[in-house]
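To start, the structure under review is shown below, and the notes come after it.
The values are calculated or read from the model by the stated rules, or taken from the named source; none is laboratory data. Just so it is clear, the structure is predicted and the values come from calculations on it, not from any experiment. Note that each Cβ is placed from the backbone with ideal geometry, even for glycine, and that neighbours are counted across all protein chains shown. For accessibility, only protein heavy atoms count, side chains too; no ligands or nucleic acids. Shrake-Rupley method; radii C 1.70, N 1.55, O 1.52, S 1.80 Å.
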Amino acid sequence: IVSTILYGLRISLFVSITSTLIAAFIGLTLGVSAAYFGKWVDAVIMRVVDLQLSLPTILVALIAIVTLGPGIDRIILAIVIVQWATYARLARGVALSEIGKSYMDAARLLRLPKRRVILRHLLPNSMAPAITLIPIELGHAIALEATLSFLGLGVPVDKPSLGSTVANG
């Protein structure tokens, strides 16, 4: 029994760590892009984020799993779909405050390419809050994966996970 629980924990951790890191990358990229480019890019990305954050997490995950089908890779994708918006909202807020600083004005006055300004100046200075959000979202991902597995929509039956172990108990 202990080995089954430990193996289930290992699968749950793999799913949650992978999905959280992918969601953080996507969210940071979109959030910083929205802040830097502004105008219609910001409006489109932030309206999608608003829509995503207005829906309950479990509902979005259930819709994604039912649409995509079972499997570990699809669970990872469902959790990424649920989590990316939080990172995008946070990264946009931090990037907007960084854009007004003098080092960003200097980079623009030097006529550096936009890609370099974003990757070398804006993104590194916007990452600290997102890094502190990762452990929180990691816990949410573990709970979401366990919930989906408990409902029978998560990890396949032949692989134990925290939710399926609780459901079997």
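Computed from the C-beta positions of THR67 and LEU13 and an R0 of 25 Å, the FRET efficiency is 0.50 to the nearest 0.05.
Note on the chain: Rg/Rh from Cα positions, Kirkwood definition for Rh, rounded to two decimals, is 1.09. Summed over the residues of the range 112-154 and divided among them, the accessible surface reaches 56 Å² per residue at a probe radius of 1.4 Å. Work out the charge dipole of the range 47-103 with +1 on the Cβ of Lys and Arg and -1 on the Cβ of Asp and Glu about the Cα centre, then indicate which of VAL60, SER102, THR86 is farthest towards its positive end. Looking along the dipole axis, the top candidate is SER102. The string of couplings for the range 123-134 from the Karplus curve (6.51, -1.76, 1.60, θ = phi - 60°) is 4, x, 7, 9, 7, 4, x, 5, 5, 6, 7, 4 Hz, one whole number per residue in order, with x for Gly and Pro.
I need the chymotrypsin sites (Phe, Trp or Tyr not before Pro) found in the range 75-149, filtered to DSSP loop residues with at most 11 other beta carbons within 10 Å of theirs.
On the way: sites: TRP84, TYR87, TYR103; in loops: none.
Taking the range 75-149 and a limit of 11 other Cβ atoms within 10 Å, no loop chymotrypsin sites (Phe, Trp or Tyr not before Pro) are found.
Over the range 28-83, give the accessible area per residue in Å² for a 1.4 Å probe, as an integer. Before the final figure, lay out the partial values.
On the way: 2850 Å² over 56 residues.
Per residue, the range 28-83 has 51 Å² of solvent-accessible surface.
How big is the charge dipole of the chain about its Cα centre, in debye rounded to the nearest 20, if each Lys and Arg gets +1 on its Cβ and each Asp and Glu gets -1 on its Cβ?
Working: 14 positive and 8 negative charges, 159 e Å.
Result for the chain is approximately 760 debye, rounded to the nearest 20.
Accessible surface of the chain, 1.4 Å probe: 70 percent of it comes from carbon and sulfur atoms. Projected label points at LEU55 and LEU77, each 7 Å from Cα along the beta carbon direction, are separated by 1.5 nanometres.
Within the assembled protein chains, the solvent-accessible surface assigned to PHE150 is about 110 Å², based on a 1.4 Å probe.
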